[in-house]
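S.K.: Quick one: the structure is below, and I'll ask about it shortly.
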Amino acid sequence: MLRCIPMYPTLAVAGLMPGLVLAADAAAAPEIGAGWVLNLVFGLVLVLGLFLALAWLMRKLGTLPGGNGRLIRVVGGASLGARDRLVLVELGQQQLLLGVSPGRIVNLHTLPERLDTASGSASTRDFSATLRGLLGPDR
């Protein structure tokens, strides 16, 4: 339930306050000039630069104990259709073949030996041929 509070004493005290506030502001009001604006802009640029540098550092480090933070790495992939893909993912020392579709990821196969990825990013055709050779003709 709401209680009615008489506002007349509050308004009377508030009516005296603007004069007191204006008197205090007039004595302590800083001069706004080019130096003040330059100082403000410099502070803003410094804070934004620090924020961006920390964001870059966190992106580079990823997780701090792991060094570069790349616990999971996508080695390659092949498109199976409009919305389905095969993706070869390296997780630590294991390589997993995943089937990825909208709303679902399935581990299709765990590779017994790692594929050679020293050549950099292979094309989709190379990935498909290597995958077919590794899994054999029955898959």
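Rule-based calculations on the coordinates, nothing more; no lab input. The model shown is predicted, which means the values in this text are computed figures rather than measured ones. For neighbour counting, all protein chains shown are included, and Cβ atoms are generated from backbone atoms with ideal geometry for every residue, glycine included.
S.K.: Work out how much length residue 32 to residue 83 would gain on full extension: take 0.36 nm times their residue separation and subtract the Cα-Cα distance, in nm to one decimal. Mind dumping the intermediate values first?
M.R.: Values: separation 51, 0.36 × 51 = 18.36 nm, distance 5.94 nm.
Taking residue 32 through residue 83 to full extension adds about 12.4 nm, to one decimal.
S.K.: Sticking with this structure for a sec: Quick check: residue separation of residue 56 and residue 104 times 0.36 nm, minus the Cα distance between them. What number comes out in nm? Before the final figure, lay out each step's value.
M.R.: Details: separation 48, 0.36 × 48 = 17.28 nm, distance 3.17 nm.
Here the answer is 14.1 nm.
S.K.: Would you grab the residues whose amide H sits under 5 Å from the one on residue 75? Only those 5+ places off in sequence or on another chain, please, with H modelled 1.01 Å from N.
M.R.: 88, 89, 90
S.K.: Could you list which residues have their amide H under 5 Å from that of residue 108, counting only those 5 or more apart in sequence or on another chain, with H placed in the peptide plane?
M.R.: 97, 98, 99
S.K.: Moving to a separate point now. Under a plain spin-label model, where a point goes 7 Å from the Cα along Cα-to-Cβ, how far apart in nm are residue 41 and residue 73?
M.R.: Roughly 4.5 nm, to one decimal.
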